[in-house]
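The values are calculated or read from the model by the stated rules, or taken from the named source; none is laboratory data. Bear in mind that the values here come from a model prediction, so they are computed numbers and not experimental data. Every residue, glycine as well, gets a Cβ built from its backbone with ideal geometry; the counts of neighbours run over all protein chains shown.
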Amino acid sequence: MVHVSAAEALAELARARDAGLPVFGETCPQYLFLSADNLAEPDFEGAKYVCSTPLRPREHQAALWRGLRTDDLQVVSTDHCPFCFAGQKELGRGDFSKIPNGLPGVEHRMDLLHQGVVDGHISRRRWIDIACAAPARMFGLYPRKGTIAPGSDADLVVYDPRASQVISARTHHMNVDYSAYEGREVTGRCETVLSRGEVVIDRRTFTGRAGHGRYVPRGTCAYLR
């Protein structure tokens with residue numbers, strides 16, 4: 001069940017899992033950090049937050065964090081469906097049904113989730129599991145991905161858990177003219193990334209090369225074997 005955003009939906013998912021059914025849940029950062037209040041922002045700013053499933057009232061966030069702690073939600077991801085505000089989201093002025101549906105977010109997923117660690121919603125070990133290990137198992141890529149072990153791909157991230165940053169469209173790398181988290185200060189930042197043992201980001205500077213990517217065929221979901 002993808003893009004779980006409401007406490008009622010999560011309760012049904014938990015009930016099915018308690019009954020032993022092979023049911024799994026995913027949510028997204030926007031449902032953990034944004035709310036219907038953002039849709040009500042004046043001067044058409046609310047159009048920036050139109051997405052599916054829609055943002056819910058803020059009180060649903062506590063249930064989603066609890067679902068991540070109890071493993072009723074296994075994964076946090078983002079479909080990253082960006083539309084620029086100028087010229088695209090603005091198509092809906094005068095008719096909200098014409099607002100392009102989706103928002104940007106993939107660049108800050110890990111940092112926002114780490115803020116959940118800082119705020120006490122989840123443990124650092126749980127952060128790693130829902131962002132890295134569980135997706136690899138879910139999509140049949142484990143143990144090549146999702147673990148540090150002999151025979152795995154040596155994909156490593158060096159993360160500074162104390163670094164402070166402010167999320168802004170002025171500094172992000174996504175090709176979109178706004179950020180859904182503009183001005184939000186978060187604690188934690190990626191410093192270095194190794195892909196198959198090769199440094200591709202060095203002290204926040206991209207050092208990779210074209211052609212380094214490699215197709216990895218999926219296997220069977222580890223939860224269903």
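Which one of these is over 23 Å from residue 25 (Cα atoms) and of a type in the set (Lys, Arg): 162, 137?
None of the others qualify; the one that does is 162.
For region 79-96, check the following and say yes or no: at least one residue is of a type in the set (Phe, Trp, Tyr), under 15 Å from the mean Cα position of the chain (by Cα) and not in a loop (DSSP other than H, G, I, E, B).
no
Could you please find all residues in region 137-158 being of a type in the set (A, V, I, L, M) and either assigned to a loop (DSSP other than H, G, I, E, B) or under 24 Å from residue 202 (Cβ atoms) (or both)?
141, 148, 149, 154, 156, 157, 158
Pairs needed: first member in region 164-177, in contact (Cβ under 8 Å) with a residue 24 or more places away in the chain and part of a loop (DSSP other than H, G, I, E, B); second member anywhere, surrounded by 12 or more Cβ atoms within 10 Å (Cβ to Cβ) and aromatic (Phe, Trp, Tyr); C-beta distance under 9 Å; at least 6 residues apart or different chains.
Sorted first by the residue in region 164-177, then by its partner, the pairs are 167/181; 176/83; 176/85; 177/85.
Restricting to region 41-54, give me the number of residues that are assigned to a loop (DSSP other than H, G, I, E, B), touching a residue at least 12 places away in the same chain (Cβ under 8 Å) and farther than 10 Å from residue 6 by Cβ.
Within region 41-54, residues that are assigned to a loop (DSSP other than H, G, I, E, B), touching a residue at least 12 places away in the same chain (Cβ under 8 Å) and farther than 10 Å from residue 6 by Cβ number 4.
Hey, among 154, 210, 149, 169, which residue is closer than 29 Å to residue 49 by Cα and of a type in the set (Gly, Ala, Ser)?
That would be 169, the only listed residue that is closer than 29 Å to residue 49 by Cα and of a type in the set (Gly, Ala, Ser).
What number of residues within region 12-38 satisfy the criterion of being outside any helix (DSSP H, G or I) and closer than 15 Å to residue 69 by Cβ?
Counting residues in region 12-38 that are outside any helix (DSSP H, G or I) and closer than 15 Å to residue 69 by Cβ gives 2.
Of all residues in region 85-95, how many are exposed (fewer than 15 other Cβ atoms within 10 Å of the Cβ) and in contact (Cβ under 8 Å) with a residue 40 or more places away in the chain?
Going through region 85-95 one residue at a time, the tally reaches 2.
Yes/no per residue for (1) at positive phi; (2) at pLDDT 95 or above; (3) polar (S, T, N, Q):
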residue: 170; (1), (2), (3): no, yes, no
residue: 180; (1), (2), (3): no, yes, no
residue: 186; (1), (2), (3): no, yes, no
residue: 192; (1), (2), (3): no, yes, yes
residue: 198; (1), (2), (3): no, yes, no
residue: 201; (1), (2), (3): no, yes, no
residue: 204; (1), (2), (3): yes, no, no
residue: 222; (1), (2), (3): no, no, no
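Taking the stated definitions as given, is residue 113 surrounded by fewer than 16 Cβ atoms within 10 Å (Cβ to Cβ), at pLDDT 95 or above and in a helix (DSSP H, G or I)?
no
Looking for whichever is of a type in the set (Val, Ile, Thr), under 20 Å from the mean Cα position of the chain (by Cα) and surrounded by fewer than 18 Cβ atoms within 10 Å (Cβ to Cβ) here; the options are 27, 53. Which one fits?
53
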